[in-house]
Amino acid sequence: MTFYIPQDTTALALGADAVAAALQAAGNEPVRNGSRGLFWLEPLLEVETDQGRIGFGPVSAEDIPSILDALSDDASAHPLYQGEIAAIPYLASQQRLTYARSGEGDPLCLDNYRRLDGFTGLKNALALSGQQIVDQVKESGLRGRGGAAFPAGIKWQTVHGCDAAQKYIVCNADEGDSGTFADRLVMESDPYQLIEGMTIAGLAVGATQGYIYLRSEYPKAHQLLNAAIEKATVANFLGDNIQGSGKRFDLEVRLGAGAYICGEETSLLESLEGKRGMVRAKPPLPAIEGLFGKPTVVNNVLTLAAISTILAQGAAAYQNFGMGRSRGTLAIQLAGNIKRGGLIELAFGVTLRQVVEDYGQGTFSGRPIRAIQVGGPLGAFLPESQWDTPMDYEAFAAIKAMIGHGGVVVFDDTADMAAQARFAMEFCVAESCGKCTPCRIGSVRGVEVIDRIVAGENRDDNLILLHELCDTMEMGSLCAMGGMTPFPVRSALTHFGQDFGTSSQDLSGSGDH
Amino acid sequence: MGVGRLSSHQTQGAVSTLVEQYKDLPGAMLPLLHAIQAELGYVPDSAVPVIAKGLNLSRAEVHGVISFYHDFKTHPVGKHSVQICRAEACQSMGSRQLEAHAKALLGVDYHETTADGNITLEPVYCLGNCACSPSIRIDDDIHARVSPERFEQLISQLGVSK
Ligand SMILES: Cc1cc2nc3c(=O)[nH]c(=O)nc-3n(C[C@H](O)[C@H](O)[C@H](O)COP(=O)(O)O)c2cc1C
Ligand code: SF4
Ligand code: FES
């Protein structure tokens, strides 16, 4: 029997190390695998038995003796028994491409990665020209997973077409949105997939140096990525003359320093160059003048991870998933006040209601769901009337919402939506880079005005003022920080007006101001 | 973390060594500041001219970078760092009550250190543990589903700080 207990951040945060220690004490050295992303079951103990790979969860150290007893008798009689891992409905119903390997084994084990089809994409890419790789990415229909959903192939074509001695691949691993952990899960549970995707990107556009800009809030991912890069380099999947191809690609992790705005790609590049993370005006595009002024691909972790799948399985296979112009799979991250939170990888098109009801099984508190925020702190709060919207970039844009990086944060009926609107403005105050006045000053005013509305001071005038402030921020901001902070604010006003002490009719802002 | 009791001479020595070590790295500033902070616990004012000289920048530019990022501290901090997640997923699970409880228990506000120098309390915006909120980070360990009672337990493991 082989025992597995994850070393991913959430499993550790729920006591996985103590479970591992209890197993050791009983003479069973566990494999420290990655997580499946079924966080409601963490720490999830998996056991490879004659009857297949079965699970117990959520497990604490005290449960180990009884689980070991059950294993030598009738495992299914144990109250924490979850049956065969692959048959757990939450997992079995997913369409896992990026997360197919997640949780299978030790994330740093190269043999395990190769056994599970790892480096197939790289092998295929090494047999292609740069242009042929770019064509594959275009054909796949892959759009950037960091939030803006820009077609990856078109960005790569631009960098490919630049004539420069030095080009860069930069992985955006800043994952700042609340409610998101998909990048973290890739980096902690399947880091070679990201390394492989970045190497393929380097081959495609002719870049020999890559940087992963990782947020400092992820110490475990930092440790695992560094270890993975070291092992991949020793095994010649990175560095000079990769697998005898004559091609070179070097990779380094750089830590951010706690600034949300550094997730915006030009701010990120400034930060990588060692400066304040001030957003740059575009043009020039980073693809043409990016890091240190050189042509640079900036892509999210999930975009680059998907590249490994596309090159391994073919563009057509990838683009078969999805709806409309949203191709492939979406990593939905179900979070907040939810009974069964976790990573749900599905083709685009599933509705929000299916996600929170079928997967999530309602709130953690057991109370009714009131609002759902999708797409991070700049995403709108959606009332129940909007939960049947399919998760597709265009469908969400049509209701003034966004998929963003795929974070879904659930609030129960005790949520105070005026407090949430205030927080959206407060967050903008804390995280604005300061370049544009509407964002820097507008958000400060926004907090004050919301306070006055809630206190009942000149409510009508202040409501008009708040909408005008939102208009100014939307129109006068260089990036989505200032430009989209109004989305959560306005959606809270429109759909949850009673929390501001007013009926929602007065609040839609569609009036005559 | 922070040793705190180095003489200014030793501090300067440590900073100079790190500047020498990092200065030729492309985009050396952030890795260097992280390294200084890992060694000293904060980035002392006296480090600024040394960094400026090593990286061929003005002191104002170095100050500008340090002040831009929430991570970099310019004053000594406590032996332990305790960060409470203030972001939305944690809010939906009661982080507002948790932060009020933490401040009352420790007798400090955010960015302050307990009187015994043991704990510095900080806000953080998401630790990527949003499916099992509320989340806190103590030094490099993240903790999930932290109720006020659990918070007290975790704090008591850090030694006295009231
Ligand atoms: C305020 C702000 C924050 C952002 N944060 C992130 C982030 O944390 N991670 C990310 O990948 N993209 C983030 N983005 C989007 C990036 O600017 C950029 O679109 C992305 O890195 C491009 O990669 P992709 O095409 O693969 O998505 C952010 C954008 C803005 C305006
Ligand atoms: S909108 Fe805000 S964060 Fe974006 S560039 Fe302007 S000031 Fe900076
Ligand atoms: S919102 Fe608190 S961990 Fe993500």
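Within segment A:364-382, none of the residues are on the phi > 0 side of the Ramachandran plot, touching a residue at least 24 places away in the same chain (Cβ under 8 Å) and out of contact with any Asp or Glu (no Cβ under 9 Å at 6 or more places or on another chain). Note on segment B:1-80: enclosed helices (runs of 4 or more DSSP H) holding 3 or more residues that are within 14 Å of chain A (Cβ to nearest Cβ) and among the hydrophobic types (A, V, I, L, M, F, W, C) are B:29-40, B:47-55, B:59-68. Filter segment B:99-116 down to the residues that are away from chain A (no Cβ under 14 Å) and outside any loop (DSSP other than H, G, I, E, B), then identify the one that is surrounded by the fewest Cβ atoms within 10 Å (Cβ to Cβ). Among those that are away from chain A (no Cβ under 14 Å) and outside any loop (DSSP other than H, G, I, E, B), it is B:ALA104. Given the criteria more than 13 Å from ligand 1 (Cβ to nearest atom), more than 14 Å from chain B (Cβ to nearest Cβ) and part of a helix (DSSP H, G or I), does A:ILE133 qualify? So A:ILE133 fits the description; yes. The conditions of being buried (at least 20 other Cβ atoms within 10 Å of the Cβ) and more than 16 Å from ligand 3 (Cβ to nearest atom) are met by A:THR296. Looking across segment B:123-162, the residues that are more than 15 Å from ligand 3 (Cβ to nearest atom), in a loop (DSSP other than H, G, I, E, B) and surrounded by 14 or more Cβ atoms within 10 Å (Cβ to Cβ) come down to B:LEU158, B:SER161.
Within segment B:111-162, the set of residues being touching a Cys at 6+ places or on another chain (Cβ under 8 Å) and either aromatic (Phe, Trp, Tyr) or without any contact (Cβ under 8 Å) to a residue 12 or more places away in the chain (or both) comprises B:TYR125 only. Residues of segment A:217-242 that are under 12 Å from A:THR199 (Cα atoms) and of a type in the set (Val, Ile, Thr): A:ILE229, A:THR233, A:ILE242. For A:LEU382, the conditions (1) within 14 Å of chain B (Cβ to nearest Cβ); (2) within 16 Å of ligand 2 (Cβ to nearest atom) all hold with the exception of (2).
The set of residues from segment A:376-392 being in a loop (DSSP other than H, G, I, E, B) and either away from ligand 1 (no atom under 15 Å from the Cβ) or surrounded by fewer than 19 Cβ atoms within 10 Å (Cβ to Cβ) (or both) comprises A:ALA380, A:PRO383, A:TRP387, A:ASP388, A:THR389, A:MET391, A:ASP392. The set of residues from segment A:39-56 being in a loop (DSSP other than H, G, I, E, B) and under 14 Å from A:LEU71 (Cα atoms) comprises A:ASP50, A:GLN51.
Taking every residue in segment A:270-283 that is assigned by TED's automatic domain parsing to the domain that holds A:GLU252 and pairing it with any residue that is more than 13 Å from ligand 1 (Cβ to nearest atom) and among the polar types (S, T, N, Q), at least 6 positions away or on another chain, yields no pair with a Cβ-Cβ distance below 7 Å.
The condition (being surrounded by 23 or more Cβ atoms within 10 Å (Cβ to Cβ), in contact (Cβ under 8 Å) with a residue 40 or more places away in the chain and part of a helix (DSSP H, G or I)) is satisfied by just one residue among A:LEU12, A:LEU68, A:LEU23: A:LEU12.
State whether one or more residues within segment B:70-85 are basic (Lys, Arg) and either closer than 30 Å to A:ASP416 by Cα or within 16 Å of ligand 2 (Cβ to nearest atom) (or both). Taking every residue of segment B:70-85 in turn, none turns out to be basic (Lys, Arg) and either closer than 30 Å to A:ASP416 by Cα or within 16 Å of ligand 2 (Cβ to nearest atom) (or both). Does any residue of segment A:166-178 turn out to be in a helix (DSSP H, G or I) and either away from chain B (no Cβ under 14 Å) or touching a helix residue (DSSP H, G or I) at 6+ places or on another chain (Cβ under 6 Å) (or both)? There is no residue in segment A:166-178 that is in a helix (DSSP H, G or I) and either away from chain B (no Cβ under 14 Å) or touching a helix residue (DSSP H, G or I) at 6+ places or on another chain (Cβ under 6 Å) (or both).
Within segment A:263-297, the set of residues being closer than 15 Å to A:CYS171 by Cα, more than 10 Å from ligand 1 (Cβ to nearest atom), among the small types (Gly, Ala, Ser) and not in a loop (DSSP other than H, G, I, E, B) comprises A:SER271 only. Restricting the search to segment A:469-483, which residues are surrounded by 24 or more Cβ atoms within 10 Å (Cβ to Cβ) and within 10 Å of ligand 1 (Cβ to nearest atom)? Scanning segment A:469-483 gives A:SER477, A:MET481, A:GLY482. Is segment A:233-253 home to any residue that is within 29 Å of A:GLU431 (Cβ to Cβ) and assigned to a loop (DSSP other than H, G, I, E, B)? Checked against the condition, which is being within 29 Å of A:GLU431 (Cβ to Cβ) and assigned to a loop (DSSP other than H, G, I, E, B), segment A:233-253 yields no hits at all. Inside segment B:72-84, residues that are crowded, with 19+ Cβ neighbours inside 10 Å and either hydroxyl-bearing (Ser, Thr, Tyr) or within 16 Å of ligand 1 (Cβ to nearest atom) (or both) make up a count of 1.
The values are calculated or read from the model by the stated rules, or taken from the named source; none is laboratory data. Keep in mind the model is a prediction, meaning the values are calculated, not measured. Cβ: placed from backbone, ideal geometry, glycine included. Neighbour counts: every protein chain shown.
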